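Note sheet for the following structure.
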Amino acid sequence: MKTITIEGQLRSEYGKKATRQVRSEGQVPCVIYGGAETVSFSAPAVAFKTLVYTSEFQLAEIKLGAKTYRCVLKDLQFDTVTDELSHIDFLELVEDKPVAVSLPIKIVGQSEGVKAGGKLVVKIKALKVKALPKYLRENIEVNIDNLDLNGNIRVEDVVAENIEITNSPRIPIASVVMTRQLRQEEAANEKDAKKK
């Protein structure tokens, strides 16, 4: 799994004034929780670009002095005026503690319905899951080989070993809908059949 390394500095001062000072230096104030202790630190805004502006699921390895923390991104805050990153929450991965994260869906296979002229519509791009850190992965594959015209693949159809999917089981992930052209062809065929 892709891991982004971020080097930061521990923060000793807190409060609005200290936080403003950190931001004015091009740094983003952050916090790591979920482990043995809560850690406040800051790191340059540019260090987070590949972690924040992506749809991929990645781990963050945060180096603060001699210590390294394995984390997942939990929450982001942006400045309402400048739209710059203003705060990040990280969740430390602890081996025997399940974590709740969102994993992107990767559609694999060739749908029967698409082969027949239908159009694939992907309704959700990620699944909410709960798993131990060792079972986390970059994405969850959803095979659409058996997806027919006007068919759906729902959350309940997804099989992911050692991972609990927490979305509602009836939510459709992908469906194949009839295209206008296919509808017109079917209507024309029906008219022809009635004439005979």
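The values are calculated or read from the model by the stated rules, or taken from the named source; none is laboratory data. Predicted model only: the values in this text are computed from it and were never measured. Reconstructed Cβ throughout: ideal geometry from the backbone, glycine too, with neighbour counts over all protein chains shown. Heavy atoms of the whole protein, side chains included, go into the accessibility calculation; ligands, DNA and RNA do not. Shrake-Rupley method; radii C 1.70, N 1.55, O 1.52, S 1.80 Å.
What list of ³J(HN,Hα) couplings, whole Hz, do you get for the stretch 35-41 from phi and the Karplus terms 6.51, -1.76, 1.60, once you set θ to phi - 60° and write x for glycine and proline?
x, 5, 9, 8, 10, 9, 8
Give me P(r) over the chain, computed from all C-alpha to C-alpha distances, binned every 10 Å, as integer percentages.
Bin by bin from 0 Å, the calculated values are 8, 27, 24, 18, 12, 7, 3, 1, 0.
Tell me, which longest segment in the chain has none of the chymotrypsin sites (Phe, Trp or Tyr not before Pro) that fall in DSSP loops with at most 15 further Cβ atoms within 10 Å? Please list the in-between numbers first.
Numbers: sites that count: TYR14, TYR53.
The longest uninterrupted stretch comes out as 54-196.
At 1.4 Å probe radius, can you tell me the per residue accessible area of the stretch 60-147 in Å²?
57 Å²
Of all the accessible heavy-atom surface of the stretch 44-196, with the other protein chains kept in place and a 1.4 Å probe, what percent is carbon and sulfur?
Numbers: 4560 of 9480 Å².
That share works out to 48 percent.
Which FRET efficiency value, to the nearest 0.05, is calculated for MET1 and VAL52 with the Förster distance at 22 angstrom and r the Cβ-Cβ distance? Walk me through the intermediate numbers first.
On the way: r = 17 Å, r/R0 = 0.78.
For MET1 and VAL52, the calculated efficiency is 0.80.
Taking 22 Å as R0, compute the FRET efficiency from the Cβ-Cβ separation of ARG154 and LEU182 and round it to 0.05. Spell out each step's value before the answer.
Working: r = 23 Å, r/R0 = 1.05.
For ARG154 and LEU182, the calculated efficiency is 0.40.
List every residue whose amide H lies under 5 Å from the amide H of THR166, counting only residues 5 or more places away in sequence or on a different chain, with H placed 1.01 Å from N in the peptide plane.
Hits under the 5 Å cutoff: LYS128, VAL129, LYS130.
Could you work out [θ]222 nm for the chain from helices alone, using -39500 (n - 2.57) per DSSP H run of at least four and dividing by all its residues? Round to the nearest 500 deg cm²/dmol. Can you show the working numbers first?
Working: 4 runs with 33 residues, N = 196.
Dividing the helical sum by the residues of the chain leaves -4500 deg cm²/dmol.
Choose one of ALA100, GLN184, ALA160: the residue whose Cα lies farthest towards the positive end of the charge dipole of the chain (beta-carbon charges +1 Lys, Arg; -1 Asp, Glu; about the Cα centre).
Farthest along the dipole direction, towards plus: GLN184.
Which values, in whole Å and largest first, are the semi-axes of the equivalent ellipsoid of the stretch 1-110 obtained as the square root of 5 times each eigenvalue of the Cα gyration tensor?
Numbers: eigenvalues 126, 66, 28 Å².
After scaling each eigenvalue by five and taking roots: 25, 18, 12 Å.
Contact order normalised by length for the stretch 1-127, with contacts defined as Cα pairs under 8 Å and 6 or more residues apart; what percent is it?
Working: 199 pairs, mean separation 31.0, N = 127.
It rounds to 24 percent for the stretch 1-127.
Kindly provide the GluC sites (Glu not before Pro) of the stretch 69-171 that DSSP labels as loop, not H, G, I, E or B, and whose Cβ sees at most 10 other Cβ atoms within 10 Å. Please report the intermediate quantities before stating the final value.
On the way: sites: GLU84, GLU92, GLU95, GLU112, GLU138, GLU141, GLU156, GLU161, GLU164; in loops: GLU84, GLU95, GLU138, GLU161.
Of the GluC sites (Glu not before Pro), the ones in loops of the stretch 69-171 whose Cβ has at most 10 other Cβ atoms within 10 Å are GLU95, GLU161.
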